[in-house]
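See structure below.
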Ligand SMILES: Cc1cc2nc3c(=O)[nH]c(=O)nc-3n(C[C@H](O)[C@H](O)[C@H](O)COP(=O)(O)OP(=O)(O)OC[C@H]3O[C@@H](n4cnc5c(N)ncnc54)[C@H](O)[C@@H]3O)c2cc1C
């Protein structure tokens, strides 16, 4: 069985985000870009499954500008077997990505797809669900534990929900999106970085895949959240109560 | 997105550094680390104003020419600074009287928080006339007992002088007050595309004035050089209250003696630094970090030579730690994760590069690492793929002082030793100490700076006798320095002769006499007791 994993190149999570002066988006020039942390977790899970002998190959897929190849190299250095880069220089929205993914699935026939539950740049939390919808495959989102039964071709997935854990059982092929607590992604070791250099990254364009990436969405404006006002230190409980009552109007 | 970033940060970094909690003097929340026994060097009740340093009996007596603080003094300071800046609160004083290692403790009854150079000047003028001794205090992260009183010296805490005065965005010259916390300067500069030329594990608490006064080295010295090069100017207040304005912002200025250098590294014994002008390098966008394993010390050394040669223009840090250090961090530092878990290695090296071209730098570093691996210098390694991974690699190296604190008692030595000889001392110390204590070593290999730490469950004179004077003698014999970057403070004031000739020390004494004739500035520190003719 092949596993396909989506990995997105985003502004590094430790970087302080700056909105472009013209409010068309966030500044990405000269800004450190890295793999979306949830995608790292998705990839780690796929690698673990392969290492447990339950899958034969892990394919990492990234879509976007040419530099996505760097992100794919990181994925290959972590242990993915090969990469697919769908090059697109215009913005891709979740539905575009899901449509491209569907085409790649038709070409590669994976038995399982892992995606991060969301990307930390646009926070859409839609792509995995759309991929499952387009493919008409079962889906488990926000996975915090994944157990595969190869014989029965079933995945058992735990999800963290309000008030506890929900356990789902899915027939393969299926789509799983990953949450923070699923695993701790491995580091890229030098021997694996070396090996990754000879691994193949196949390139497509959306046109080659016959996917129309026109979008029916338009970003009107990106703005920074309002600055938080500085707090005050109150000198007594009475003063606190007074402020909550008369200034904050919450009690 | 912000929200996610926040939670993520919380999960991965839930254990804030110990000293971060202590950064604010006004917050009384020092949390003693569990299992750490407060070590008292002496028993105050028994020998008031007398300090006995274990079996290696160095006794310091309070300088009899100093007066003691009285209520008129306190009123004077309140008048001068305002009530709020004159602190007599016991909890605050306990924190300020105790050093970062909780190894040195004074018994000062008064802490002053001046807000301007003028206030510092007035304080010193008054203290000098009254013969009241003072301790200048920055972030109190110093590791040689220099930043806390020995007896009842008045503590002059610089934390309220924390204004940034100017940043020249063309030249990168920053002018600020001495009490600015290093980390705040780092983030201020970050917003303007610059970085501080120094970085160290204590950045969350230490102040630029403290850094200058200790001539702190830190993690980037190998790239940006010492503060003697990057500090362009200073303003300092002498013991008699005179303000010496040397706050130049020129890179070149050969007019007479360059006196600012006297204040860089003199640990508050010649004057109080109130303002600093410092040359800050531009922030370069591409930073890469590798965490590597080497099987023997010789390989670490060779790797250093090769790195200097092949990464020269982008190399920005070269740090090492041994397996004992790694073991200690993994056991005592919350959240520390071994980057190379598959097996324990004898040595670990961090190599950081900083440059302007992400893909070029990365390729260059990768090529270097791969060839070093093929050549057998490196046995394993990982390359940080994002900033979060880089921080967790750094955490291992930077968290070592904190881990040592949590492990129990620690005897710290900060030595400059020719790189090829450096680890011989560690090997010898392991044999000497046997089962009595662990020998933990790490340091700035790129600068030939070894941090030798002897870690034991409790402080014990027998252990101290095994270490001193052996370590100092060894260092002296090998033409090293007994203080590479931490300074002499109280701990090593009497040990200066291991690294300096009597004639040199004599000149130092004359300078001290000239600038601080009554010896009120940070007494008992830096220079040997024998030199101060005050008693
Ligand atoms: C976790 C940790 C890591 C460290 N790493 C390094 C490192 O990598 N490299 C290194 O060199 N050091 C290191 N240190 C020690 C280092 O000396 C201090 O961290 C720092 O430079 C001192 O700054 P501070 O503001 O805390 O000064 P303090 O500790 O308050 O004072 C240090 C000395 O300077 C004097 N002083 C302070 N402020 C002034 C002033 N404005 N005017 C005159 N005198 C003043 C004090 O009297 C004292 O003698 C480390 C310490 C810790 C706890």
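The values are calculated or read from the model by the stated rules, or taken from the named source; none is laboratory data. Quantities reported herein were computed from a predicted structural model and do not represent experimental measurements. Here the Cβ is made from the backbone with ideal geometry for all residues, glycine too, and neighbour counts use every protein chain on show.
Among the conditions (1) within 14 Å of the ligand (Cβ to nearest atom); (2) at pLDDT 95 or above; (3) touching a helix residue (DSSP H, G or I) at 6+ places or on another chain (Cβ under 9 Å), the only one that residue B:200 does not satisfy is (2).
Here are some residues: B:512, B:479, B:500, B:462. Which one is on the phi > 0 side of the Ramachandran plot and surrounded by fewer than 23 Cβ atoms within 10 Å (Cβ to Cβ)?
Just one listed residue meets the conditions, B:479.
Against the conditions (1) under 30 Å from residue B:524 (Cβ atoms); (2) in contact with a helix residue (DSSP H, G or I) (Cβ under 8 Å, 6 or more places away or on another chain), residue B:245 satisfies every one except (2).
Each residue in the range B:383-401 was checked for being in contact with a helix residue (DSSP H, G or I) (Cβ under 7 Å, 6 or more places away or on another chain) and either farther than 27 Å from residue B:453 by Cα or within 12 Å of another protein chain (Cβ to nearest Cβ) (or both), and 4 of them qualify. Kindly provide the set of residues from the range B:308-352 that are within 14 Å of another protein chain (Cβ to nearest Cβ), farther than 16 Å from residue B:395 by Cα and touching a strand residue (DSSP E or B) at 6+ places or on another chain (Cβ under 6 Å), ordered by number. Selection gives B:345 alone.
Residue-wise test of (1) within 13 Å of the ligand (Cβ to nearest atom); (2) buried (at least 21 other Cβ atoms within 10 Å of the Cβ); (3) assigned to a strand (DSSP E or B); (4) at pLDDT 95 or above.
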{"position": "B:139", "(1), (2), (3), (4)": "yes, yes, no, yes"}
{"position": "B:148", "(1), (2), (3), (4)": "yes, yes, no, yes"}
{"position": "B:159", "(1), (2), (3), (4)": "yes, yes, no, yes"}
{"position": "B:186", "(1), (2), (3), (4)": "no, no, no, yes"}
{"position": "B:211", "(1), (2), (3), (4)": "yes, yes, no, yes"}
{"position": "B:218", "(1), (2), (3), (4)": "yes, yes, no, no"}
{"position": "B:222", "(1), (2), (3), (4)": "yes, yes, no, no"}
{"position": "B:234", "(1), (2), (3), (4)": "yes, yes, yes, yes"}
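Of all the residues in the range B:372-405, those that are more than 18 Å from residue A:40 (Cβ to Cβ), part of a helix (DSSP H, G or I) and in contact (Cβ under 8 Å) with a residue 12 or more places away in the chain number 12.
For the range B:161-183, how many residues are surrounded by fewer than 24 Cβ atoms within 10 Å (Cβ to Cβ) and more than 12 Å from the ligand (Cβ to nearest atom)? The number of residues fulfilling the criteria is 12.
For residue B:144, the conditions (1) within 16 Å of the ligand (Cβ to nearest atom); (2) in contact with a strand residue (DSSP E or B) (Cβ under 7 Å, 6 or more places away or on another chain) are fulfilled apart from (2). Criterion applied to A:48, A:16 was being within 14 Å of chain B (Cβ to nearest Cβ) and either in contact with a strand residue (DSSP E or B) (Cβ under 8 Å, 6 or more places away or on another chain) or outside any strand (DSSP E or B) (or both), and the one residue passing it is A:16.
Which residues, counting only those in the range B:423-443, are more than 16 Å from the ligand (Cβ to nearest atom) and within 19 Å of residue B:318 (Cβ to Cβ)?
Hits for the range B:423-443 are B:423, B:426.
Out of A:233, A:201, A:251, A:213, one residue alone is loosely packed, with under 12 Cβ neighbours inside 10 Å and in contact with a helix residue (DSSP H, G or I) (Cβ under 7 Å, 6 or more places away or on another chain). It is A:251.
This table checks each residue for (1) in contact with a strand residue (DSSP E or B) (Cβ under 8 Å, 6 or more places away or on another chain); (2) part of a helix (DSSP H, G or I); (3) within 14 Å of chain B (Cβ to nearest Cβ); (4) within 30 Å of residue A:91 (Cα to Cα).
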site	(1), (2), (3), (4)
A:170	yes, no, no, no
A:185	no, no, yes, yes
A:202	yes, no, no, yes
A:208	no, no, no, yes
A:228	no, no, yes, no
A:239	no, yes, no, no
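Taken over the range B:353-372, the criterion of being closer than 18 Å to residue B:301 by Cβ and at pLDDT 95 or above is satisfied by B:368, B:369, B:372.
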